[in-house]
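Scroll down for the structure; my scribbles are underneath it.
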Amino acid sequence: MSGTVRRLYAFFAERAPARVYVTYAVLWVLALEGALALVEPGDARWMLGVPTLAEIGTVWLALLFIRVVDEQKDLGYDREHNPGRPLPRGSITVRELRLAMAVIAAAGIALTVWRSPLLTGWLLLDLAYICFLVGLERWSRSVRDGIFRNLAVSYPVQALLSGHVWLSYRDATGAGPHWSAAVPVLLCACVFLHFEFARKTSHRVTPGATLYSNAIGTRGSVGLTVGCALAA
C-alpha cells in the first residue's frame, strides 16, 4: 500500500501539480461566487468562510478526478503521442488510478454531504457523467475522433461544476434562483473555452494529434481563442 501511495503522489505531482490545480480551483470558485454576489439582487451577503473553502476543496477534487479519468481514457492515444506520461510508461497502473478515483469520490462526498444533499447528488452526477464519457468515446468513433464533437459532449463536465459552485453559493447565502446567475456562468464558460482552444492550437499541422488547428486551421483556431477571451 505504501508503494501505491508513493506512486499516486508522484503521479499527481506530475500530471496534476498543486500549483496549477489548486490555483485553478481557488480562482474558479472565488471568481464565480464573487461575481454572483455582485450581479444577483437581494440582501444575501457573501463572505469568505468555511462553505467557500469546502467548495474550493470540492472543485479541486473534481479536477483531480477528471485528470485521473482522462489518463485512462487517453491511454491508447498517449502510447503513440505521449509515451513518457506515467500510465503509458508504467510508473502507475490502471488499478491504482481507479483506487484514487474511489478515494477522491469519497472525499468529495465528505465535503458536500454536511452542507446539502443536493450538493452531494450534483457532485455524484458530475462524476458519473465523467465516467460515462469513457464508454461513449469507446462506443462512438465520431465522438472519439471529432475534436469539436468531443468538446460538445465533454464540456458539460465543466458546466456542471460551475452549477455546483452556484448551488454552493445559494446554500451558503440563502440566495434564490435568478436569471442574472447565467452571466457569471457564461463568463466561466468563455474563459474555459479560451484556455481549451489555446492549448490545442499549433502553427503547424500535426498528423494524428487532437488539435483544433488541425481541424479548422491555425487562423480559425486562433480566432476562436481570441473570440472567447473577448466574449469573457
Can you find, within region 59-74, the residue that is nearest to the chain's Cα centre (by Cα) among those that are under 18 Å from Leu99 (Cα atoms) and β-branched (Val, Ile, Thr)? Ile66
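The rows are residues; the columns are (1) in contact with a Ser or Thr (Cβ under 8 Å, 6 or more places away or on another chain); (2) open to solvent by 50 Å² or more (accessible area, probe 1.4 Å); (3) among the hydroxyl-bearing types (Ser, Thr, Tyr); (4) more than 20 Å from Val191 (Cα to Cα).
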site	(1), (2), (3), (4)
Arg6	no, yes, no, yes
Ala10	yes, yes, no, yes
Val20	no, yes, no, no
Leu27	no, yes, no, no
Ala35	no, no, no, no
Leu38	no, yes, no, no
Met47	no, yes, no, yes
Please report, ordered by residue number, the helices (runs of 4 or more DSSP H) entirely within region 123-225 with at least 2 residues that are polar (S, T, N, Q). 147-154, 156-173
Is it the case that some residue within region 71-88 is within 27 Å of Val113 (Cα to Cα), open to solvent by less than 20 Å² (accessible area, probe 1.4 Å) and in contact with a helix residue (DSSP H, G or I) (Cβ under 8 Å, 6 or more places away or on another chain)? no
The listed residue being out of contact with any Phe, Trp or Tyr (no Cβ under 7 Å at 6 or more places or on another chain) and without any contact (Cβ under 8 Å) to a residue 12 or more places away in the chain, out of Thr120, Thr58: Thr120
Quick count over region 183-205, residues being open to solvent by 50 Å² or more (accessible area, probe 1.4 Å) and more than 20 Å from Ile56 (Cβ to Cβ), is 7
Taking Glu40, is it under 23 Å from Arg85 (Cα atoms) and either among the aliphatic types (A, V, I, L, M) or in contact (Cβ under 8 Å) with a residue 12 or more places away in the chain (or both)? no
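The values are calculated or read from the model by the stated rules, or taken from the named source; none is laboratory data. If you're wondering where the values come from, they're calculated on a predicted model, not measured in any experiment. Glycine also receives a Cβ, built like all others from the backbone with ideal geometry; neighbour counts cover every protein chain displayed. Protein only, heavy atoms only, side chains kept; ligands, DNA and RNA dropped before computing areas. Shrake-Rupley method; radii C 1.70, N 1.55, O 1.52, S 1.80 Å.
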